[in-house]
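Trainee: Just dropping this structure here.
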Amino acid sequence: MNKQYKRYGLLGILLLCLIGGLFYYRSMRTENIAIVQKVKVIQKEQLQESYQNDDMMITQKLTVKIISGHFKGQQHVFKNTYYQSQANSNRYFVHSKILLNNPKAKKSLAIIGPKRDGILVFTFLLIILIVLFFLHKAGLKTLISVAINWLLFIGALLLATRWHNQHILCITIILAIILSLATLILVFGYSRQTLIALLSTLISTFSALLFSVLVLQLTNNQGIHFETMDYGIQPFELIFLAETLLGVLGAVMDETSDITASLYQLLQEKPNLAPAQLRQSGMNVGQEIIGPLINILFYIFLAELIPIVVLYLRNGNTLFFSLSRTMTLGYTQTIISALGIVLAVPVTSFLASFLLRGEQA
Amino acid sequence: MIVLTLCLLVALLIVCGRRGWQIFSSLAGSFLVLLVLIMLIADEFNPLIVTILLAIGLVFLAIYPNTDNQQVKQTATVTTLIMLGLVLLMTLIVVHFSFSQGFSIEDTDEIEQFILTVSVSFPKIQVAVMVLSALGAIAEASIAVSSGVWEIVKYQPDISESNLWQAGLAIGQKIIATSLNTLLFGFFGSYLTLGLWFIQLNYSWTKIFNNAIFVSALLELMISFLGVVGAIYLANYYILRQRRKLLTKNGADK
């Protein structure tokens, strides 16, 4: 036990130094970074806008020290104007890191924006350490699986853009199959359980998606505003389906692997269970996890609505209008995901009750 | 949309029976609570206080309909509440350092028609977003661990503390891996369009990793994950303590 802690702890620290070092080296080589040393508020102005929005416009004088690039080691003074609400402006503090542009002359130096990747890398490294230190081999496996998933995802994005998003749905479907195969093989190894989990994941995901498309077609996409798609990326419908497919895949895989694993264990303990009994236990296990799984996706969807709906409401829109412009796509996606999650329970129980027994015989 | 929602209700009723009702109404309830939260924030109540108060309600909505066992309910609720407190502290720090609040240049299309100086604090709203998006994952992990571990206690009442701790962590490891998948794929689904946008417009690495939307999405993902890991250890620890209490009480009875 102690040896394991040491070994994986060491691996974690090694990774930490490597990634942290690379990140630091890259930032210092390629970016112009400055650290705020002094902040002074030089002007405050009360704003009166329509719909009773009073905000405060504040100008701060920032004395910064440049720590990388052409003007390394020099001091500089910037003015930064922000609004108290900070919807699209930033208030800087002492020790904040700032990205600067890269001009020839010092007087044309300007702020691009805050340097956000520091906290990102810090949190990432913290997770690597925690995962390796507490979970050892399972942790390493998890990290590898995440890394593979990321690479595949980025590869698919590159491929999709190269073809001008025309084949995005096709690419995502292939991506979904490869991703589930890779993830499930890492969980179960090369076995019949992988097959069952994979089959039921794909069947329930795709049938939920197909069914929903049918329903939406029949109702003429009533109530859905495809034109509210983020960043207006075309083609709306296909990208919408691709997003939904990826979004639900993880939760359904969770569920199918959970049910398959518990049925496998049950069959180890009581090899004489009839298929019907096995199916019933599968349903019981599944019913327990449906609710919490839907919740995960549902809360993420709900949370992301907050800032934009608040902005709509503060601009004098009604709640109904605000919601219809912001949530129809996310809502539909969440409902389709939930359908997939519900469907996965009978599908997995059914498949497992047949295929798992085959392994025994 | 309405038809699809009805389809979901029917599917839930067929697969889960009576519990299907409970699940569906808890979802509807969460939705209403969130609307209240948004309206209160828009009416200039402090976003942090509103979030803390309503998040407590959401925790009960997320846990109570999904389990029948009293011990599991209690453990999961206590764990989730404590973990949410810790997550709140983490997000306060993270939002301060990541400047990830509000809207970004990429949102211009959606927001250009609006006045952005609306006297509501967007950094605080961002904290609310992060805490709430972690809530589902933390609640799921706490329920799964507590029901698994209490099950072990039920079938092996004499199991030693160190064995119980090990068994609990084994259950936890599995949950960590799977809930990470749920979160990760949810992330892929939500930010597919952003990824396409980055590639189409040839964003540089520096620009991507300092982009407010991308950074806040990744931080959300990672904080939810940290919350899940924390919830697993916390739930195990809490069950050990509860069991110690139970055992001493039973010993006194004899």
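Trainee: Which trypsin sites (Lys or Arg not before Pro) in segment A:89-124 pass both tests, a DSSP loop state and at most 13 other beta-carbon atoms within 10 Å?
Mentor: A:LYS104
Trainee: Between segment A:1-78 and segment A:172-202, what's the alpha-carbon centroid distance in Å?
Mentor: 41
Trainee: Moving on. Using modelled amide H (1.01 Å from N, peptide plane; none on Pro or chain starts), what sits under 5 Å from the amide H of B:TYR191, excluding residues fewer than 5 places away?
Mentor: So B:TYR191 has HN proximity to no qualifying residue.
Trainee: Related question: Magnitude of the Cβ-charge dipole of segment B:4-145, K/R +1 and D/E -1, about the Cα centre, nearest 20 debye?
Mentor: Result for segment B:4-145 is approximately 740 debye, rounded to the nearest 20.
Trainee: Read phi for every residue in segment B:118-133 and hand back ³J(HN,Hα) as whole Hz from Karplus 6.51 cos²θ - 1.76 cosθ + 1.60, θ = phi - 60°, with x for Gly and Pro.
Mentor: Each residue's phi maps through the Karplus curve to give 10, 6, 10, 7, 6, x, 5, 4, 4, 4, 4, 4, 5, 4, 5, 6 Hz.
Trainee: Then there's this: Starting from the Cα gyration tensor of segment A:257-356, take the square roots of the eigenvalues, sort them a ≥ b ≥ c, and report rounded, prolate or oblate (rounded when a/c is under 1.5, otherwise prolate if a/b is larger than b/c, else oblate).
Mentor: Values: a/c = 5.50, a/b = 3.95, b/c = 1.39.
The shape class here is prolate.
Trainee: Tell me which residues come under 5 Å, amide H to amide H, from A:ASN32 once H is placed; ignore anything under 5 positions away on its chain.
Mentor: A:LEU100
Trainee: So what is the calculated 222 nm ellipticity per residue for chain A, using -39500 (n - 2.57) for each DSSP H run with n of 4 or more, over all residues, to the nearest 500 deg cm²/dmol? Kindly include the intermediate steps, with their values, before the conclusion.
Mentor: Working: 8 runs with 238 residues, N = 361.
So the helix-based figure for chain A works out to -24000 deg cm²/dmol.
Trainee: Based only on Cα atoms, what mean projected area does the convex hull of chain A have, in nm²?
Mentor: 25.0
Trainee: What lysines sit close enough to B:LYS73 to cross-link, taking a C-alpha to C-alpha distance under 20 Å and skipping anything fewer than 8 places away on the same chain?
Mentor: Leaving aside lysines fewer than 8 places away in the same chain, those within reach of B:LYS73 are B:LYS154, B:LYS245.
Trainee: In Å³ and rounded to a whole number, note down the convex hull volume per residue for the Cα atoms of segment B:59-127.
Mentor: For segment B:59-127, the hull spanned by Cα atoms encloses 130 Å³ per residue.
Trainee: Placing one identical point scatterer on every Cα of segment A:232-303 and ignoring solvent, what is log10 I(q)/I(0) from the Debye formula at q = 0.13, 0.19 Å⁻¹?
Mentor: Evaluating at q = 0.13, 0.19 Å⁻¹ gives log10 I(q)/I(0) of -0.54, -0.83.
Trainee: Kirkwood Rh, segment A:91-176, all Cα pairs: how many Å?
Mentor: Computed over segment A:91-176, the radius equals 17.0 Å.
Trainee: Can you pull a Stokes-Einstein diffusion coefficient for segment A:32-114 at 10 °C (1.306 mPa s), Rh from Kirkwood over Cα pairs, as a whole number of µm²/s? The partial results should precede the final answer.
Mentor: On the way: Rh = 13.6 Å.
After rounding, the answer is 117 µm²/s.
Trainee: Pick out, from B:THR75, B:LEU219, B:ASN250, the residue whose Cα sits farthest towards the positive end of the charge dipole of chain B, with +1 on the Cβ of Lys and Arg and -1 on the Cβ of Asp and Glu.
Mentor: My answer, from the dipole projection, is B:ASN250.
Trainee: Explain nothing, just compute: Karplus ³J(HN,Hα) = 6.51 cos²θ - 1.76 cosθ + 1.60, θ = phi - 60°, for every residue of segment B:199-204 in order, whole Hz, x for Gly and Pro.
Mentor: The phi angles translate into 6, 4, 9, 6, 5, 7 Hz.
Trainee: Ordered by residue, what ³J(HN,Hα) values in Hz, to whole numbers, does segment B:169-176 give under the Karplus form 6.51 cos²θ - 1.76 cosθ + 1.60, where θ = phi - 60° and Gly and Pro are x?
Mentor: 5, 4, 4, x, 4, 4, 5, 4
Trainee: Another question, then. Placing +1 at every Lys and Arg Cβ and -1 at every Asp and Glu Cβ, with all other atoms neutral, what dipole size does segment A:163-360 have around its Cα centre, in debye to the nearest 20?
Mentor: 240
Trainee: Now for a different question. At a 10 Å Cβ-Cβ cut-off, how would you order A:THR318, A:THR219, fewest neighbours first? Display every interim value, and only then the final one.
Mentor: Working: A:THR318 10, A:THR219 14.
In increasing order of surrounding Cβ atoms, one gets A:THR318, A:THR219.
Trainee: From the C-alpha coordinates alone, can you work out the Kirkwood hydrodynamic radius of segment B:164-220, in Å?
Mentor: Numbers: mean 1/r = 0.0744 Å⁻¹.
Across segment B:164-220, the inverse of the average 1/r is 13.4 Å.
Trainee: Another question, if that's okay. Using the scaling law 2.2 N^0.38 Å as the reference, what is the normalised Cα Rg of segment A:163-360?
Mentor: Details: Rg = 19.2 Å, N = 198, 2.2 N^0.38 = 16.4 Å.
That ratio works out to 1.17.
Trainee: Which lysines does A:LYS107 reach when only Cα atoms under 26 Å apart count, and residues fewer than 8 places away in its own chain are ignored?
Mentor: A:LYS38, A:LYS40, A:LYS44, A:LYS61, A:LYS65, A:LYS72, A:LYS79, A:LYS97, A:LYS115, B:LYS207
Trainee: Further, regarding this structure: Please compute the Kirkwood hydrodynamic radius of the protein assembly as shown from all pairs of different C-alpha atoms, in Å with one decimal.
Mentor: Details: mean 1/r = 0.0390 Å⁻¹.
Over the protein assembly as shown, the inverse of the mean reciprocal pair distance is 25.6 Å.
Trainee: Arrange B:CYS7, A:CYS17 by Cβ neighbour counts within 10 Å, fewest through most, would you?
Mentor: Going from sparsest to densest Cβ surroundings: A:CYS17, B:CYS7.
Trainee: Follow-up question, since we're still on this one. For segment B:8-136, state what percent of all Cα-Cα pairs lands in each successive 5 Å bin, counting from 0 Å until the bin that includes the largest distance.
Mentor: 2, 10, 16, 17, 17, 14, 10, 8, 5, 2, 0
Trainee: Going by how many other beta carbons lie within 10 Å of each one, how would you line up B:ASP107, A:ASP54, A:ASP258, fewest first?
Mentor: A:ASP54, B:ASP107, A:ASP258
Trainee: Only Lys, Arg, Asp and Glu count, each charged at its Cβ (+1, +1, -1, -1), so figure out the dipole size of the protein assembly as shown about its Cα centre, rounded to 20 debye.
Mentor: For this selection, approximately 2260 debye.
Trainee: Given H placed on each backbone N at 1.01 Å, which residues far from A:GLY113 in sequence or on other chains put an amide H within less than 5 Å of it?
Mentor: Hits under the 5 Å cutoff: A:LEU99.
Trainee: Same structure, new question: Over the Cα atoms of chain B, compute the convex hull volume and normalise it per residue, giving Å³.
Mentor: On the way: hull volume 42.7 nm³, N = 254.
Once divided by residue count, the hull of chain B is 168 Å³.
Just so you know, all these numbers are worked out from the coordinates, no wet-lab data involved. Since we're looking at a predicted model, the values are computed, not measured. Backbone-built Cβ (ideal geometry, glycine too); neighbour counts: all protein chains shown.
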